[in-house]
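The values are calculated or read from the model by the stated rules, or taken from the named source; none is laboratory data. Fair warning: this is a prediction, and the values are worked out from it, not measured in the lab. All Cβ positions, even for glycine, are placed from backbone atoms using ideal geometry, and neighbour counts span all protein chains on display.
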Amino acid sequence: MPTTGPLRLNPGAANALGSGYRSRFSHEREEAHPGYYAVTLDDYRIRAELTASERVGFHRYTFPGATMRASFSISQPASTATPARSCGPP
């Protein structure tokens, strides 16, 4: 789950907002078509977009502000594993 602020590794309780990494969203800011899905995560103001081709899936996250940083890790077989990477301003 993309996030801003302190990193939370627990999803938290569904009835306790802010207790984990969950985020509220509105169906008014959700878009779904065959092969494409997008939603704005209200608690973080992050726009998440997902799409896929025949062999690969793509994620795009738009963060508020220009000084945000993103980290990601891709699961691969141990023989080809690469370390987590960061992108964005240091």
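Quick look at the numbers
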{"item": "Options 32, 81: the member that is small (Gly, Ala, Ser) and at pLDDT 85 or above", "result": "32"}
{"item": "Residue, surrounded by the most Cβ atoms within 10 Å (Cβ to Cβ), within the stretch 56-66, restricted to residues that are modelled with pLDDT of 85 or more and touching a Lys or Arg at 6+ places or on another chain (Cβ under 9 Å)", "result": "61"}
{"item": "Cβ-Cβ under 6 Å pairs, at least 6 apart or on other chains, the stretch 20-42 side free of Cβ contacts under 8 Å to residues at least 60 places away in the same chain, far side in a loop (DSSP other than H, G, I, E, B) and of a type in the set (Lys, Arg)", "result": "20/8; 21/8; 42/24"}
{"item": "Where a residue in the stretch 46-57 is closer than 23 Å to residue 21 by Cα and free of Cβ contacts under 8 Å to residues at least 60 places away in the same chain and its partner, wherever it lies, is part of a strand (DSSP E or B) and hydroxyl-bearing (Ser, Thr, Tyr), with Cβ under 6 Å and at least six apart", "result": "46/61; 47/40; 47/62; 48/61; 50/37; 51/36"}
